[in-house]
1. In this structure, does T278 turn out to be away from ligand 2 (no atom under 16 Å from the Cβ), within 25 Å of G69 (Cβ to Cβ) and open to solvent by less than 30 Å² (accessible area, probe 1.4 Å)?
2. Do we have any residue at all in segment 154-161 that's within 12 Å of ligand 2 (Cβ to nearest atom) and assigned by TED's automatic domain parsing to the domain that holds W368?
3. What strands (runs of 3 or more DSSP E) lie completely within segment 218-327 and have 1 or more residues being basic (K, R)?
4. Do you know which residues across segment 41-67 are within 23 Å of Q84 (Cβ to Cβ) and open to solvent by less than 60 Å² (accessible area, probe 1.4 Å)?
5. Can you name every residue in segment 159-170 that is in a strand (DSSP E or B) and over 22 Å from N346 (Cα atoms)?
6. H220 versus (1) within 19 Å of the chain's Cα centre (by Cα); (2) at pLDDT 95 or above; (3) not basic (K, R): which is the lone unmet condition?
7. What number of residues within segment 171-217 satisfy the criterion of being open to solvent by 70 Å² or more (accessible area, probe 1.4 Å) and either under 16 Å from A154 (Cβ atoms) or part of a loop (DSSP other than H, G, I, E, B) (or both)?
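The values are calculated or read from the model by the stated rules, or taken from the named source; none is laboratory data. Here the structure is a predicted model, which is why all the values come from computation and not from measurement. Heads up, the Cβs are rebuilt from the backbone with ideal geometry, glycines too, and the neighbour counts pull from every protein chain shown. All accessible areas refer to the heavy atoms of the entire protein, side chains included, with ligands and DNA or RNA removed. Shrake-Rupley method; radii C 1.70, N 1.55, O 1.52, S 1.80 Å.
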Amino acid sequence: MIYLKGSGSLKEALGAYPLTEDLNGATCVVLELPENRSELAALPEGVPVWVVITGMLSLAEMKEIQAVGAKPVALSQLTAELSQYTESQRNPAVAIFEDDLYLKGPEMAGESSRQLAVGRKTRKNSQCHVAISFSTAGGVGKTFLSLNLAVCTALKGIDAVALDLDLRSSELDFAAGLVDPENRKKVIDKKARVPRDGWMTLANWRGFPRDNLKESILRHSSGLYVVPAYPTINTEIPGHEIEELICTLTESFDLVMIDGGLDFAQPHIRTALTLADTIFLVADQEIKSLGKVREFLALAGPNLKQKSKLVINMVNPQGYFAPDEVASRLQYNEYASIRMDRQGVNTARRSRRATVQMKGSPAGEDVWQIAYQQLPFSFSGANRPDSRASLWGRLKTLLCIWKGKRRIKA
Ligand SMILES: Nc1ncnc2c1ncn2[C@@H]1O[C@H](COP(=O)(O)OP(=O)(O)OP(=O)(O)O)[C@@H](O)[C@H]1O
Ligand SMILES: [Mg+2]
C-alpha cells in the first residue's frame, strides 16, 4: 500500500497501485516536492520513501531529503522503481543482489544504469581480474586474505592494487605494515614508495589525475599498490561511485583485490560483489560465523554463489567444526583452507611484511596455493625486478654464479 502525496498527474501515473491514506499502514511512501515538504518530518521509520521533485529546492530542503533517506526519482522512472520494490518484497532472496536498484544514482536513471547493472561488461579493461575478500562474519581473515593474495600477485611482477572498502574497520594499510596505526599519514615501511604530494585514498581519489594513476598510489615494498579507506568515511558511498573507482583501477592494473568488509547491506559493497570476477568467501570453523555466512548465502542469489570460492581460515584441530563440515554446511563441494599460524602472522607484522613473504609460514604457503589455483595469472615469472630488494637479490645471484664458476675452475 502506497501513501501518496502529490499532484493529479502523479496520482494518475500510480493508478494501478493500491493507495492508502493511512501513513502508518503504508508499505512505502511517494511524495511530490517541494509542495509536500512538511510530510518529510512525519515519516515513520523503516518505510522506503521516493520523492518526485517538480520544483526548485533549497540546499536545506535537499539535506532534509537526504536525512530521511528518501530517494529522488524522475516521474518516468517511478513505476519501474515501485515494481522492482514490490517484486523484491515478494522474493527478497533474489532481489538483494539481482536487481540493479542500488547502482542507480538519481543522475543514472534509465538505460545507462541497466548497462551498469551487468557490471563487468562496462569495465574498460576486461583483462583485469577483480576479486573481493568478503564475509558477513567479523575477524575471520578478510583483510589478511585480500592483502596476502594481492602481495603474492605483486611479488610475481603482476600489476596489483589492493582496495580497502571496509569503512567499518578499515585497516588494510596497517595490515600491510605501511603506515603507523596511530597516525596513518606517517609511512613506516622504509621500502614503500610514497607519492610526493599525498596518496590516493577512498575518500580523495577523484582529486588525482587518472592518466598516471600509479604515481598517486602508495606502494608497499612487495610492489603492491594500496588504496586505503581513510579518512574514515562513515556515510554510505553510492554504488555508482564505487563502480567508477573500480573501473578506473581496472584501466591501470591486472588485479584489483578488494577488502570487502562484512556489511553486504551497504550499496558500495553490493556493487563491488556484483562487479567482482571472484568472491573469496571467508569463514572459520566457529559456529557463530558459520551462521552468519549461511545467512548471507541465503540472500545472495545464485550468481554470487557461483563466482564465490570458499576459504576456511585459521584452521586448527580445536575448531568447532572440521573444515569438511564447514563446507558441507555451506553447501560447497570444494574449498581452500589456510592453517592457523600465529607465529607466521606475527613475525610478518613485526617485520612490516605480508605473511606470504615469510619463508616457512604455513599460512603463507596456503595463501600461495590459493593464489596459484584461484587467480587467473601465470605465476611462473620472476619476482618484480624493480624493487631495491630484488636488485640486491640479483647482485647476490650474480655473486653466487661467479663464486660457482670459480669453484668449478678450481
Ligand atoms: N591464518 C591465520 N593464522 C593466524 N592469524 C591469522 C590468520 N588469518 C588472520 N589472522 C589474524 O587474525 C586477525 C583477524 O584477521 P583480519 O583482520 O584479517 O580479519 P577480518 O575478517 O578482516 O576482520 P574484520 O571483520 O575486523 O575486518 C588479525 O590479527 C590477523 O592477522
Ligand atoms: Mg578486516
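1. Working: away from ligand 2 (no atom under 16 Å from the Cβ): yes; within 25 Å of G69 (Cβ to Cβ): no; open to solvent by less than 30 Å² (accessible area, probe 1.4 Å): yes.
No.
2. Initial filter on segment 154-161 (within 12 Å of ligand 2 (Cβ to nearest atom)): none.
There is no residue in segment 154-161 that is within 12 Å of ligand 2 (Cβ to nearest atom) and assigned by TED's automatic domain parsing to the domain that holds W368.
3. Working: elements: 225-227, 255-259, 278-283, 308-315.
Counting at least 1 such residues, we get 308-315.
4. Initially, segment 41-67 is screened for residues within 23 Å of Q84 (Cβ to Cβ), giving 43-54, 65-66.
L43, P44, V47, P48, V49, W50, V51, V52, I65, listed by residue number.
5. Of all residues in segment 159-170, those in a strand (DSSP E or B) come to 160-164.
Within segment 159-170, A160, V161, L163 meet the criteria.
6. Condition not satisfied by H220: (1).
7. 12
Here is a yes/no grid of residues against (1) of a type in the set (D, E, K, R); (2) more than 10 Å from ligand 2 (Cβ to nearest atom):
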residue: S135; (1), (2): no, no
residue: K142; (1), (2): yes, no
residue: L149; (1), (2): no, yes
residue: S169; (1), (2): no, no
residue: E182; (1), (2): yes, yes
residue: I188; (1), (2): no, yes
residue: R193; (1), (2): yes, yes
residue: T201; (1), (2): no, yes
